[in-house]
């Protein structure tokens, strides 16, 4: 992605076939979940104001001669949550002398997906996943621990569903704790809002994509439940996030797979898209 943006910057600096100002944003710490937000907080759009902002990400499975440009939700919000159940530890042979947080955690986990299946509107996409469970000592298999810590992720496209997930996970945690006579501590960490492509910015990106990719431009493509902090940029100016084809997923390896291999052949069409977008949107007078 950096090579594509550098290539476009080099080409445009040489040709100067546009009228206006274009800013190239090389964002750090995207995977660390904070780079875009920090740049905005540090005054990025005050120092470098703009009328629109665009983002691009490669997508294995789309051909390198394809690009997907779609209005509306593209990526979900990406938030983290933690629930700690605090009971009273005891000998595994005498559970009646304590308050078992492990059984409570099991009940919580078994009920967690009812939030999606029975609380959230079935027409609204949402994901809640428990991704970490920590309890006890694997060397002490006859000891019921005091604590169980559970952590996971929550995803949604609509802000109201995001709010709902935060409320319902906490409600379930507290209700489960009350049922088992233990304590529950709950934390919901809002990390990244959803990426929603704005209508006018999407039209301009679509025009550039069709110039470069022709009838291989996809205007119907499913959104992803992954997240990207480009959302913070798009919260400051009308934004559009596009998917650039990266060819077949070799051995099924998608993003974040240890076997993933970026297809360098996608760099040239990526550069062409960026350069075309600038030349069209800032057409020389």
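The values are calculated or read from the model by the stated rules, or taken from the named source; none is laboratory data. In this text the structure is predicted, and so the values were computed from the model without any measurement. Note: ideal-geometry Cβ built from the backbone for every residue, glycine included; neighbour counts use all protein chains shown.
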>> For segment 18-47, give me each residue that is more than 18 Å from the chain's Cα centre (by Cα) and farther than 29 Å from residue 263 by Cα.
In response: 18, 19, 20, 21, 41, 42, 43, 44, 45, 46, 47
> Taking the stated definitions as given, is residue 26 assigned by TED's automatic domain parsing to the domain that holds residue 228, free of Cβ contacts under 8 Å to residues at least 40 places away in the same chain and under 21 Å from residue 242 (Cβ atoms)?
Replying inline: yes
>> Which condition from (1) more than 15 Å from residue 232 (Cβ to Cβ); (2) at pLDDT below 95; (3) not in a helix (DSSP H, G or I) is the one that residue 28 breaks?
In response: (1)
>> Just checking, does segment 252-260 include any residue being outside any loop (DSSP other than H, G, I, E, B) and either closer than 25 Å to residue 24 by Cα or in contact (Cβ under 8 Å) with a residue 12 or more places away in the chain (or both)?
In response: no
> Do we have any residue at all in segment 256-263 that's within 20 Å of residue 80 (Cα to Cα), out of contact with any helix residue (DSSP H, G or I) (no Cβ under 6 Å at 6 or more places or on another chain), modelled with pLDDT under 95 and not assigned by TED's automatic domain parsing to the domain that holds residue 86?
Replying inline: yes
> Which residue, of 259, 224, is farther than 22 Å from residue 45 by Cα, touching a strand residue (DSSP E or B) at 6+ places or on another chain (Cβ under 9 Å) and surrounded by fewer than 20 Cβ atoms within 10 Å (Cβ to Cβ)?
Replying inline: 224
> If a residue has to be out of contact with any helix residue (DSSP H, G or I) (no Cβ under 8 Å at 6 or more places or on another chain) and at pLDDT below 95 to count, how many in segment 61-97 make the cut?
Replying inline: 2
> So which residues in segment 179-223 are closer than 28 Å to residue 67 by Cα and part of a strand (DSSP E or B), if there are any at all?
Replying inline: 191, 192, 195, 196, 197, 217, 218
> Is there any pair with a first residue in segment 121-137 that is in contact (Cβ under 8 Å) with a residue 60 or more places away in the chain and a second that is in a strand (DSSP E or B) and surrounded by 11 or more Cβ atoms within 10 Å (Cβ to Cβ) whose Cβ atoms are under 6 Å apart and which are 6 or more apart or on different chains, and what are they?
Replying inline: 127/155
>> Within segment 152-161, does at least one residue satisfy the condition of being free of Cβ contacts under 8 Å to residues at least 60 places away in the same chain, in the same structural domain as residue 89 (by TED's automatic domain parsing) and within 27 Å of residue 106 (Cα to Cα)?
In response: yes
> With 177, 208, 184 as the choices, which residue is buried (at least 18 other Cβ atoms within 10 Å of the Cβ), more than 23 Å from the chain's Cα centre (by Cα) and under 30 Å from residue 281 (Cβ atoms)?
Replying inline: 208
>> Kindly evaluate residue 101 against the criterion of being in the same structural domain as residue 183 (by TED's automatic domain parsing) and surrounded by fewer than 17 Cβ atoms within 10 Å (Cβ to Cβ).
In response: no
